[in-house]
Amino acid sequence: MKDIKSGRYIKQGLIAGHEGQILTDIASGELYLRHIPESYDSGRHKDAAKFVMITAAFEWEFHRNYPDGTKKSEAARKAEGDATKQLQELVDNSHGKLKSIYKFLKRLVKSDSLQSEIEQIGKDYSDIMDIFGNYLYSLSKEELIYSEVGKRLGDQRNHFAHGDLDKDFIDLSLLDLIFLERIVYAMQLRHYNIENSKIQNAINDLFHHHFALQQT
């Protein structure tokens, strides 16, 4: 109730006309919600578990919005196709452990890295997210560069994956995670074709940024 009274929620007026589809996706599990903290106060504390949940939310929504992966040039797609074909031949002509390795490599050919996914978001969501990102990074006297955000988050995930769960966040990755949390909401709302100005206002209200945005 404290969060509701303080206005830390997405107002119904900002999603008007889309409530039915949103509720349907919540009921069917299509809309990722497991990263949402129980309260604003608990959401302020970031640890390894929160990192996993927020990055999982990002990748869930990325795959929902980009079912074919990141946008690539025709040359890149041709190279991936050729590599996949050659690896399939190796799979067909091998056995045992070696066959498993070739299958694993084949799956990696067309998979996108966390860095490349965040770079794609930088291209497609900068008109929504830059105002929040520029502000957050300026607090640490840093510049918002999506490729570097993606690299740091990827490095941090590897850091945790190697069992360093009791260690602090490295470099600016904690700040990157805070920004990524906002990106997830933008992706979720845009999926329902909600206008950019309403998405900005929703994030502004939810995180109490207090920016003077265009009212809708």
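With a Förster radius of 45 Å applied to the beta-carbon distance between Lys97 and Asp47, the computed FRET efficiency rounds to 0.75. A simple spin-label model places pseudo-atoms 7 Å from Cα toward Cβ; at Thr70 and Ala27 they are separated by 3.8 nm. Evaluating 6.51 cos²θ - 1.76 cosθ + 1.60 at θ = phi - 60° for every residue in the range 47-63, the Karplus couplings come out as 9, 4, 5, 5, 4, 4, 5, 6, 5, 5, 4, 4, 5, 4, 6, 5, 5 Hz, glycine and proline recorded as x. 3J(HN,Hα) along the range 139-155, derived from phi through the Karplus expression 6.51 cos²θ - 1.76 cosθ + 1.60 where θ = phi - 60°, amounts to 4, 9, 6, 10, 10, 6, 10, 4, 4, 6, 4, x, 5, 5, 5, x, 5 Hz, with x in place of Gly and Pro. A cut-off of 5 Å between modelled amide H atoms, ignoring neighbours fewer than 5 places along the same chain, links Leu31 with Ile26.
Bear in mind that the values in this text are calculations on the coordinates, not laboratory data. All values derive from a computational prediction rather than experimental measurement. Cβ sites come from the backbone with ideal geometry, for glycine too, and all protein chains shown count toward neighbours.
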